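First the structure, in the form of structure tokens, and then the observations on it.
The values are calculated or read from the model by the stated rules, or taken from the named source; none is laboratory data. Fair warning: this is a prediction, and the values are worked out from it, not measured in the lab. So basically every Cβ, Gly included, is an ideal-geometry build from the backbone, and we count neighbours across all protein chains shown.
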Amino acid sequence: MTNSSKKDSILVVDDAPDTLELLQRNLESQGYQVFTASDANKAIKILETTAMDLVITDLKMPGASGIDLIRHIRENFKDIEVMMITGYPTIESAVKAVKAGAEEYLTKPFTDTELFSAVQQVLEKLHVHRAIKDPSPPSLTSRYGFIGESGAMQMVFGMIAKAASTSATVLILGESGTGKELVARAIHYNSTRSSAPFVPVNCGAIPEELLESELFGHIKGAFTGATETRAGFFQTADGGTIFLDEISETSLAMQVKLLRVLQDKEVYMVGSTRPLKVDVRILASTNKDLTLLLKKGLFREDLFFRINVITIDIPPLRERGDDILLLTQHFATKFANELGKPKPRFSENALHVLRSYHWPGNVRELENVIQRLVVMTEGDLIEVPDLPSLMRFSALQETGLNRTLAQVEAEYIRNVLASVKGNKTRAAEILGIDRKTLREKLSKTEKKSPL
């Protein structure tokens with residue numbers, strides 16, 4: 001489902017009790033709030049009293065049909081999407097459904113995967129449309145420094161609260177750009193150590209030969225250039241928290257020394273034989289799979305178990321659903337204010353591309369993209385051509401470049417028929433074929449494609 005702290009509400013309308021029960025169970029398993037109705041009249045009564053995001057309706061039902069229900073929804077309710085399902089697929093029924101206002105058309109029997117995919121696509125379009133209408137939602141708030149309302153982030157917030165209430169070691173996992181240091185800071189500043197230092201250390205950015213000295217300090221004369229005694233990061237963080245970012249980049253020899261700190265709460269300065277007691281909470285992070293490094297012998301198992309008391313796994317941006325839209329508006333406002341420019345608007349297609357993009361660089365990449373758009377785009381509307389070319393190409397791939405020619409042709413015929421209200425003569429003229437050829441294509445399509 002689209003990741004949102006508010007459950008999307010779905011009304012399923014079908015005269016078959018078994019179908020209603022099956023769809024309700026399957027959709028609820030994905031986290032949706034599901035209502036059911038056995039006919040169009042009951043569905044309308046529910047719609048008049050309960051806000052819905054999506055209506056999934058059967059085509060043929062006693063009394064008013066699914067087409068009648070779709071028309072009623074489009075004429076009387078705003079901001080609701082509709083899907084049609086039917087066991088009697090024909091070109092005519094597909095055209096009628098599209099003309100009446102159905103966003104998707106699904107034929108029985110369909111798999112759970114097909115159902116979930118269609119529902120997700122429809123709801124994503126709905127959320128993008130709502131973001132266009134309300135680009136600055138009042139619910140745009142920051143929690144622990146994060147902008148996000150998705151279910152995945154709510155779980156992270158819950159883990160931060162639990163970790164902050166203890167003194168246990170925490171391992172923070174996540175891809176680059178997801179906000180691992182932000183999580184570490186949130187834990188520290190909401191803990192009993194908040195008034196003491198928070199010291200972040202990027203283990204991958206410090207050369208191996210200098211890392212021990214940087215972490216534990218050194219005494220005067222310990223090595224060439226050590227002209228004075230100097231404390232390390234652990235001494236600096238005494239009483240507070242040290243954040244070992246990308247701990248997976250440390251050598252096995254350094255891992256032994258870190259294990260000793262965790263076990264004995266003491267460090268040895270380079271060149272000294274006397275240990276120094278330190279009271280430091282250790283938070284660690286990595287963007288690598290530590291279990292794989294364990295198997296390869298590149299990370300010590302005993303250290304892994306010591307740092308992995310509490311694990312917080314930050315979801316990648318692509319799994320945070322509508323948080324992408326919230327972050328887009330947040331960064332657009334931020335950079336527009338910095339530049340003294342009006343906040344730009346985003347077209348519905350542009351938001352759809354942003355929402356669908358894979359985001360390998362996560363939130364950091366999104367922030368950079370929005371900053372570039374605010375700086376470089378002329379005017380107050382950002383459209384698809386303004387987006388980076390790689391992003392546009394990715395969107396094209398996802399919207400149909402992997403389909404067969406027959407699938408593309410079938411969809412095009414359906415769209416043309418819908419545009420001329422089912423007039424086959426006019427459709428044949430637009431397609432550049434005669435009515436006989438059109439009839440043949442329609443016949444093949446009805447046999448091979450669940451339009």
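Scanning region 158-181 for residues that are crowded, with 20+ Cβ neighbours inside 10 Å and under 15 Å from R281 (Cβ atoms) yields I160, A163, V170, L171, I172.
Looking at region 182-189, is at least one residue among the β-branched types (V, I, T), surrounded by 14 or more Cβ atoms within 10 Å (Cβ to Cβ) and assigned to a loop (DSSP other than H, G, I, E, B)? Explain how you work it out, then say what you get.
Narrowing region 182-189 to residues among the β-branched types (V, I, T): 183, 187.
If we keep only those that are surrounded by 14 or more Cβ atoms within 10 Å (Cβ to Cβ) too, we end up with 183, 187.
Now restrict to residues that are assigned to a loop (DSSP other than H, G, I, E, B): none.
Checked region 182-189: no residue is among the β-branched types (V, I, T), surrounded by 14 or more Cβ atoms within 10 Å (Cβ to Cβ) and assigned to a loop (DSSP other than H, G, I, E, B).
Residues that are in a helix (DSSP H, G or I) and not aliphatic (A, V, I, L, M) within region 13-32 comprise P17, D18, T19, E21, Q24, R25, N26, E28, S29, listed in sequence order.
All of (1) among the hydrophobic types (A, V, I, L, M, F, W, C); (2) surrounded by 21 or more Cβ atoms within 10 Å (Cβ to Cβ); (3) touching a Lys or Arg at 6+ places or on another chain (Cβ under 9 Å) hold for L244 with one exception: (3).
Answer with yes or no whether L366 is out of contact with any strand residue (DSSP E or B) (no Cβ under 7 Å at 6 or more places or on another chain), modelled with pLDDT of 90 or more and under 26 Å from T178 (Cβ atoms). Working first, answer last.
On the way: out of contact with any strand residue (DSSP E or B) (no Cβ under 7 Å at 6 or more places or on another chain): yes; modelled with pLDDT of 90 or more: yes; under 26 Å from T178 (Cβ atoms): yes.
Yes.
Figure legend. Inter-residue proximity from region 290-309: first residues outside the structural domain of I172 (by TED's automatic domain parsing) and surrounded by fewer than 19 Cβ atoms within 10 Å (Cβ to Cβ), second residues modelled with pLDDT under 95 and of a type outside the set (G, A, S), beta-carbon distance below 7 Å, spacing 6+ or different chains. No pairs are indicated. Residues that are of a type outside the set (G, A, S) and surrounded by fewer than 19 Cβ atoms within 10 Å (Cβ to Cβ) were ranked within region 271-286; the one that is modelled with the lowest pLDDT is T273.
Candidates in region 85-144 are the residues that are in a helix (DSSP H, G or I) and β-branched (V, I, T); of these, the one that is modelled with the highest pLDDT is V119.
Filtered by the rule that a residue be surrounded by 14 or more Cβ atoms within 10 Å (Cβ to Cβ) and touching a residue at least 12 places away in the same chain (Cβ under 8 Å), region 205-228 gives L211, E212, S213, E214, L215, F216, G217, H218, I219, A222, A226. If you take the residues in region 369-405 that are modelled with pLDDT under 70 and either among the hydrophobic types (A, V, I, L, M, F, W, C) or not in a helix (DSSP H, G or I) (or both), which one is surrounded by the most Cβ atoms within 10 Å (Cβ to Cβ)? Out of the qualifying residues, it is A395. The set of residues in region 51-60 that are modelled with pLDDT under 85 and either buried (at least 21 other Cβ atoms within 10 Å of the Cβ) or among the acidic types (D, E) (or both) contains only L59.
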